[in-house]
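Below is one structure, written out as structure tokens; the observations come after it.
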Amino acid sequence: MEPPTVVVLCTGNAARSVMAGAMLTARGAPVRVVTAGTHVVEHQPMSVRTRAALVAVDLEVPAHRSHQLTEDDVAGATLIVAMEAAHVHYVRRRHPAGADRTATIHYLVEHLPGGADPLGDRVARLALAQVAPEDQGQVDDPAGGEDDLYVSCAMELTALVGLLVDRLGDPDLVGDAVG
């Protein structure tokens with residue numbers, strides 16, 4: 001059986017979502033990871049500063065080309081992990097079918113229950129479409145900043161992804177239904 005799919009979403013799919021996606025994969029999260037952005041120039045490599053930040057937190061740099069969030073991504077996602085309120089708003093506006101499966105990483109590490117129930121069931125119980133995006137916290141975009149801002153973002157994401165992996169569930173439970 002296929003593992004549940006987690007879409008990690010930021011703006012340009014060049015920094016935050018790339019870092020968080022690489023971290024989920026490196027930590028062996030029991031999910032299929034897809035990264036995407038809300039406003040993407042397709043097929044671009046991650047930024048040089050993103051690469052350096054990943055190296056700074058001892059992660060292997062993945063092969064990457066930027067990807068615009070699509071209807072297929074949303075339809076196949078068990079969970080969409082956004083970096084900020086604007087991304088949650090974007091999904092609600094452009095892909096309303098995914099609203100009940102979209103929240104910021106900060107919100108998810110605080111509210112997503114762990115446990116043996118399938119991820120899709122635990123996500124559904126959160127009623128995410130009813131949660132105000134502005135109340136969900138955010139990971140600031142390092143775009144346009146210096147190297148230290150990217151490294152700081154990578155360090156914040158390292159901590160958040162570690163907590164999220166703990167909540168994603170048992171790696172033996174791969175039969176999640178897609179919402």
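Please verify whether Gly76 is in contact (Cβ under 8 Å) with a residue 12 or more places away in the chain and more than 13 Å from Val8 (Cβ to Cβ), treating the condition exactly as stated. Here the answer is yes, as Gly76 does meet what is asked. Looking across Val151, Val109, one residue alone is within 21 Å of Gly28 (Cα to Cα), out of contact with any His (no Cβ under 8 Å at 6 or more places or on another chain) and in a helix (DSSP H, G or I). It is Val109. Screening Arg93 against (1) farther than 18 Å from Leu160 by Cα; (2) in contact (Cβ under 8 Å) with a residue 12 or more places away in the chain leaves a single unmet condition, (2).
Filter the range 4-29 for residues that are over 19 Å from Tyr150 (Cα atoms) and buried (at least 19 other Cβ atoms within 10 Å of the Cβ) and give the result. The answer is Pro4, Thr5, Val6, Val7, Ala29. Considering Gln136, Gln130, the condition of being surrounded by 13 or more Cβ atoms within 10 Å (Cβ to Cβ) and of a type in the set (S, T, N, Q) is satisfied by Gln136 alone. Against the conditions (1) surrounded by 13 or more Cβ atoms within 10 Å (Cβ to Cβ); (2) in a helix (DSSP H, G or I); (3) at pLDDT 95 or above, Ala159 satisfies every one except (1).
Residue-level check: of (1) surrounded by 23 or more Cβ atoms within 10 Å (Cβ to Cβ); (2) more than 24 Å from Leu163 (Cα to Cα), Ala82 misses just (2).
For the range 112-125, name all the residues that are surrounded by fewer than 16 Cβ atoms within 10 Å (Cβ to Cβ) and part of a helix (DSSP H, G or I). Listed by number, the residues that qualify are Asp121, Arg125.
The values are calculated or read from the model by the stated rules, or taken from the named source; none is laboratory data. Computed from a predicted structure; not experimentally measured. Note: ideal-geometry Cβ built from the backbone for every residue, glycine included; neighbour counts use all protein chains shown.
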